Structure formats: C-alpha cells, structure tokens
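Notes to accompany the following structure.
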Amino acid sequence: MRFISVLLILGGLALAFVPAIYRTDHAGDAVAQLRLFDRAGGGWRDGWRNGDVPLTADGGPYRIRLEGALLPGTANLPPQLPVYIELTGAGAVVFSGEFAFATREEGQSSGANAPHLAVSLPQFDVLEDGRYALSARLLTDNDINLATLDARIVGSAPAAGFDTLPAGLGMFGFGTLLYLIAARRRKKTGEPKHRWGRG
C-alpha cells in the first residue's frame, strides 16, 4: 500500500503542475528568436542590444521566453536573478516589467552540469501590425558570467491554465491518506503484544 500511495502522491503533483509548466515553456507558434546579450560583442557592460521583431494584431496572444547561457565553471549563483523587460512599438510601451530568472542545472554530454537562466513571461497582445523593439537588462551590478541571453517569442501562446490542478491535488490528497494509513498499520504491527498476568 505504501508503494501505491507514493505513486499517487508523485502522480498527483505531476498532474497538478506539469501541464501548466509545459504550456508556458514550450507551447505556441515560433515567431522569432533574438539575441539580446552577447559577451563576445562588448563584454559584460556593452554586450547588450535591442531586438527587432515584426508582430501582428491577429498573431497573439504572444509570450516571451528568455534563456541565458553562462560561462563554463560558473557557480554559487543566487536562486533568482531580477531582469527588466520592455517591448515598445506603435509609439508606446506594449509590455514591460521586472521578472525573476530561475537558475537551472542542465546536464551536458561531458557529464558536467552547466547552470543556465530561464523564465517564461506572461501573455500579451499588440493592437497594431508593425515592428517592435525588445530590450532586457539584468538588475544587478555584478558580473554573473553571463555568456548570451536569447529571447524566444511565440504566438498563439496558450494561458498557463491549471485545469488539471483539482484532479492532481485530489490524487495527492488520497495518496497522502493511504500513506498515513499504511504507516499507522505498520506501527501497530511492530508493537509488542501485551501479556497479562504473571509470567
């Protein structure tokens, strides 16, 4: 019973959150990929550049996914790094805000782990067809050994959605209940039996 309960707990967590993560990180139609920072093109201070992308009013909702590659050997990064994003076009700021990069470990063929930065931003729409400028800045004065920063823009991006959350949490709760019942039964089985009277 304990094995089944553990499977239900893990399956419930996966059902509750994995579909939403997949939608924000992978779903949508590729529109453009822009390089917003390249250390080889100017170093930590001057390697930043604005990206230019054509967007249409009927191609949305859009989503921007940022991915940063770090120099080999980078370590001791904070768990989150703030980044400021701004998209301008048609004479106005279309999308802007401060977001937090998550630091992730990604295995390489060499066996070493290469940390990288990743964040998927909220959906947005544009009201006019045209070319839009995208800029990004890390909100830190310290050189974190960033090598490159790319922005992937996708159209027809679905909302994260948590439609599987209730079912996943229900499975998680049922698995937890089974686990507690199994643990209690095991505890009772291991208790010595009381012997009455004189030995």
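Is there a residue being under 16 Å from the mean Cα position of the chain (by Cα), modelled with pLDDT under 90 and not in a strand (DSSP E or B) anywhere in the stretch 73-91?
Yes; the residues of the stretch 73-91 include at least one that is under 16 Å from the mean Cα position of the chain (by Cα), modelled with pLDDT under 90 and not in a strand (DSSP E or B).
Within the stretch 19-46, can you find the residues that are surrounded by 13 or more Cβ atoms within 10 Å (Cβ to Cβ), modelled with pLDDT under 90 and in a helix (DSSP H, G or I)?
Hits for the stretch 19-46 are Pro19, Ala20, Arg23, Thr24, Asp25, Trp44.
Only one of these conditions is not met by Ala100: (1) modelled with pLDDT of 90 or more; (2) within 14 Å of the chain's Cα centre (by Cα); (3) small (Gly, Ala, Ser). Which number is it?
Going through the list (1) modelled with pLDDT of 90 or more; (2) within 14 Å of the chain's Cα centre (by Cα); (3) small (Gly, Ala, Ser), Ala100 breaks only (1).
Looking only at the stretch 127-144, count how many residues are touching a residue at least 60 places away in the same chain (Cβ under 8 Å), in a loop (DSSP other than H, G, I, E, B) and surrounded by fewer than 16 Cβ atoms within 10 Å (Cβ to Cβ). Step through it out loud before you land on a result.
Filtering the stretch 127-144 down to residues touching a residue at least 60 places away in the same chain (Cβ under 8 Å) leaves 127-137, 143-144.
Next cut, in a loop (DSSP other than H, G, I, E, B) only: 127-129, 143-144.
Retained after the next criterion (residues that are surrounded by fewer than 16 Cβ atoms within 10 Å (Cβ to Cβ)): 127-129, 143.
So the answer is 4.
Identify, please: which residue in the stretch 47-65 is surrounded by fewer than 16 Cβ atoms within 10 Å (Cβ to Cβ) and of a type outside the set (A, V, I, L, M, F, W, C) and is, among those, farthest from Val126 (Cα to Cα)?
Within the stretch 47-65, the first condition is being surrounded by fewer than 16 Cβ atoms within 10 Å (Cβ to Cβ), and the residues that meet it are 50, 52, 54, 56-58.
Filter once more, so that each one left must be of a type outside the set (A, V, I, L, M, F, W, C): 50, 52, 54, 56, 58.
Values: Asn50: 18, Asp52: 15, Pro54: 11, Thr56: 7, Asp58: 8 Å.
Result: Asn50.
Could you say whether any residue in the stretch 116-126 is in contact with a helix residue (DSSP H, G or I) (Cβ under 8 Å, 6 or more places away or on another chain), surrounded by 13 or more Cβ atoms within 10 Å (Cβ to Cβ) and at pLDDT 90 or above?
For the stretch 116-126, residues in contact with a helix residue (DSSP H, G or I) (Cβ under 8 Å, 6 or more places away or on another chain), surrounded by 13 or more Cβ atoms within 10 Å (Cβ to Cβ) and at pLDDT 90 or above: present.
Restricting to the stretch 56-67, what's the tally of residues that are over 22 Å from Leu117 (Cα atoms) and under 24 Å from the mean Cα position of the chain (by Cα)?
So the answer is 3.
The values are calculated or read from the model by the stated rules, or taken from the named source; none is laboratory data. Not measured: the values here are computed from a predicted model. Virtual Cβ from ideal backbone geometry, glycine too; neighbours counted across all protein chains shown.
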